[in-house]
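The values are calculated or read from the model by the stated rules, or taken from the named source; none is laboratory data. Only a predicted model underlies this, so the values are computations on that prediction, with no experimental measurement involved. Using ideal geometry, Cβ is built from the backbone for each residue, glycine included, and neighbour counts are taken over all protein chains shown. The protein model used for the area step is the full one, side chains on, heavy atoms only, and it has no ligands, DNA or RNA in it. Shrake-Rupley method; radii C 1.70, N 1.55, O 1.52, S 1.80 Å.
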Amino acid sequence: MSNPIDGLLTKEQTDLIFENMSDGVLMVNEDGIITYMNSACAKLLHVSAPDVIRSSFTDLFLQNKKNRAFNKLFKNSMEKGQLTDKTTVKYTPTDVKDSSYLTIDISLMQQENTSIRRKEPFQGMIVLIEDVTDSQLLQQHDHDCAYIFAGLILCISIYLAAWSFCRFTLHIPLTTHDYTLMIEVITFVLFLEIAFCTSFSLREIGLIPNISRFRTNLKETLTTGMISCLVIILAKLILSLAGIKIKGYFIGGSLQGAYIYIFTAFIQEFLARGVIQKSVKSLLHVKYQKQLSIFLTSLLFSLMHLPFGFYFMLGAFLLSLALGAIFERQKDIWGCALFHWGCGYLAMCLFF
């Protein structure tokens with residue numbers, strides 16, 4: 001190793017500094033060939049540094065169509081000589097599912113800090129790359145939850161206001177079908193909000209079933225549901241034998257009502273579990289995060305059954321507690337919808 005001259009660092013010292021940096025360092029020459037890449041950069045771009053040295057930067061990194069912003073940033077610098085400020089872009093490596101957010105600072109070789117120089121050929125560049133995925137995801141999380149809660153509060157407020165207006169001002173008696181239709185409209189509006197205004201995927205809100213646990217989840221749901229149904233029937237029997245009259249007949253309902261309630265149960269589970277519980281849990285960073293999210297979701301779920309009376313709200317609250325626990329275990333709403341349909345409809349036929 002040669003000694004430094006006039007206070008300058010040797011190549012070995014420079015390489016040692018770059019290699020110990022937490023940010024990525026990348027150098028590309030005038031021919032677009034990678035001449036240097038430190039370990040941090042290789043890790044951020046999901047490549048092996050020794051394998052990509054003396055390779056074309058364009059061929060390696062600018063062919064993935066998923067990285068539109070990333071590709072445009074480097075093409076502007078390499079093809080147009082365009083200087084840009086530090087820019088944060090989304091980067092998805094080839095053959096890797098997870099994406100990351102990178103802040104990229106490009107310095108062009110032998111070029112002053114001026115505006116675009118289109119006529120001069122590309123002289124090479126030095127690139128500094130910083131991983132800002134955690135902070136970017138935190139900002140996106142806050143954005144998503146803010147949108148969902150704003151939409152949720154607005155929809156519930158409109159729902160309760162419409163019920164109050166029809167019931168106490170216009171004195172119009174609404175049927176169960178009317179209330180169900182209102183909830184379905186709310187759910188559809190919230191689904192559109194999630195699809196177009198947030199980054200939540202269909203899997204995150206529970207719409208895509210967990211295939212790896214499908215049989216286990218189905219068996220667990222059926223077993224729990226049968227036990228719960230037996231408890232509901234036993235409770236009705238005990239109350240009837242005790243002389244507590246709840247309905248004029250032991251059980252009501254119809255096959256048509258059971259068919260319709262399948263759709264209702266799914267819609268309500270998407271609203272309660274996929275939207276409310278998912279969002280509440282994301283916002284709570286406390287010791288009993290899961291338990292509190294289930295409890296608060298159940299309170300809101302029971303509130304949406306306010307027009308049916310206190311006892312119906314209490315039943316909805318208890319049902320929601322069980323459904324919340326199932327959702328946390330199974331991570332999708334399909335088992336919850338099946339449980340909701342069986343136990344919820346049976347309870348309504350026996351008690352309401």
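For region 123-169, how many residues meet the condition of being in a helix (DSSP H, G or I) and either touching a strand residue (DSSP E or B) at 6+ places or on another chain (Cβ under 6 Å) or in contact (Cβ under 8 Å) with a residue 60 or more places away in the chain (or both)?
The initial filter retains those residues of region 123-169 that are in a helix (DSSP H, G or I), namely 133-169.
Add one more test, that the residue is either touching a strand residue (DSSP E or B) at 6+ places or on another chain (Cβ under 6 Å) or in contact (Cβ under 8 Å) with a residue 60 or more places away in the chain (or both), and what stays is 133, 136, 141, 144-145, 148-149, 152, 156, 159-160, 163, 167.
Of the residues in that region, 13 qualify.
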Which of (1) modelled with pLDDT under 90; (2) over 14 Å from Q268 (Cβ atoms); (3) open to solvent by 50 Å² or more (accessible area, probe 1.4 Å) does L321 not meet, given it meets every other one?
-> (1)
Can you tell me which of L83, L73 is free of Cβ contacts under 8 Å to residues at least 60 places away in the same chain, within 36 Å of the chain's Cα centre (by Cα), surrounded by 13 or more Cβ atoms within 10 Å (Cβ to Cβ) and part of a helix (DSSP H, G or I)?
-> L73
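Can you name every residue in region 332-352 that is over 17 Å from F270 (Cβ atoms) and outside any helix (DSSP H, G or I)?
Taking region 332-352 and keeping what is over 17 Å from F270 (Cβ atoms), we get 342-343, 345-352.
Of everything in region 332-352, just one residue is over 17 Å from F270 (Cβ atoms) and outside any helix (DSSP H, G or I), namely F352.
Search region 262-271 for residues being open to solvent by less than 50 Å² (accessible area, probe 1.4 Å) and out of contact with any His (no Cβ under 9 Å at 6 or more places or on another chain), and hand back the single one that is farthest from E204 (Cα to Cα). Give the derivation first.
Within region 262-271, the subset open to solvent by less than 50 Å² (accessible area, probe 1.4 Å) is 264-265, 267-271.
Still in the list and also out of contact with any His (no Cβ under 9 Å at 6 or more places or on another chain): 267, 270-271.
On the way: I267: 16, F270: 11, L271: 13 Å.
Step by step, filter region 262-271, then rank; the result is I267.
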Being without any contact (Cβ under 8 Å) to a residue 24 or more places away in the chain, aliphatic (A, V, I, L, M) and part of a helix (DSSP H, G or I) is the filter; apply it to region 170-190 and report the residue that is surrounded by the most Cβ atoms within 10 Å (Cβ to Cβ).
-> M182
Of all residues in region 20-62 being under 22 Å from K90 (Cβ atoms) and of a type in the set (S, T, Y), the one that is modelled with the lowest pLDDT | S22
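Restricting attention to region 219-254, and to residues there that are among the charged types (D, E, K, R) and assigned to a helix (DSSP H, G or I), which single residue is most open to solvent (accessible area, probe 1.4 Å)? So that I can check it myself, show each step before the final result.
Restricting attention to region 219-254, the residues satisfying the condition of being among the charged types (D, E, K, R) are 219-220, 236, 245, 247.
Still in the running and assigned to a helix (DSSP H, G or I): 219-220, 236.
Details: K219: 148, E220: 44, K236: 7 Å².
Per the criteria, the residue is K219.
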Hey, among I262, I276, I267, I294, which residue is in a helix (DSSP H, G or I) and in contact with a Gly (Cβ under 7 Å, 6 or more places away or on another chain)?
-> I294
Pairs under 8 Å by beta carbon, first residue crowded, with 19+ Cβ neighbours inside 10 Å in region 27-44, partner acidic (D, E) and assigned to a helix (DSSP H, G or I), six or more apart or different chains?
-> N38/E19
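Mind listing just one residue for me: the one in region 45-70 that is in a helix (DSSP H, G or I), touching a helix residue (DSSP H, G or I) at 6+ places or on another chain (Cβ under 8 Å) and open to solvent by 40 Å² or more (accessible area, probe 1.4 Å) and, of those, nearest to M109 (Cα to Cα)? First the steps, then the outcome.
Filtering region 45-70 for residues in a helix (DSSP H, G or I) gives 45, 49-52, 57-61, 68-70.
Keeping just the survivors that are touching a helix residue (DSSP H, G or I) at 6+ places or on another chain (Cβ under 8 Å) gives 45, 49, 52, 57-58, 60-61, 70.
Cutting the leftovers down to open to solvent by 40 Å² or more (accessible area, probe 1.4 Å) gives us 58, 60.
Details: T58: 18, L60: 21 Å.
The selected residue is T58.
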Do we find that K97 is in contact with a helix residue (DSSP H, G or I) (Cβ under 9 Å, 6 or more places away or on another chain), among the basic types (K, R) and under 27 Å from F57 (Cβ atoms) in this structure?
-> no
Breaking point among (1) more than 19 Å from the chain's Cα centre (by Cα); (2) open to solvent by less than 10 Å² (accessible area, probe 1.4 Å), for C336 | (1)
Failed condition for R273, given (1) modelled with pLDDT under 90; (2) of a type in the set (K, R); (3) within 30 Å of L152 (Cβ to Cβ) | (1)
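Please verify whether T224 is in contact with a Ser or Thr (Cβ under 8 Å, 6 or more places away or on another chain) and hydroxyl-bearing (S, T, Y), treating the condition exactly as stated.
Working: in contact with a Ser or Thr (Cβ under 8 Å, 6 or more places away or on another chain): no; hydroxyl-bearing (S, T, Y): yes.
So T224 does not fit the description; no.
Quickly run through region 272-301 and pick out the residues that are polar (S, T, N, Q) and open to solvent by less than 10 Å² (accessible area, probe 1.4 Å).
Residues of region 272-301 polar (S, T, N, Q): 277, 279, 282, 289, 291, 293, 297-298.
Scanning region 272-301 gives Q277, S279, S293, T297, S298.
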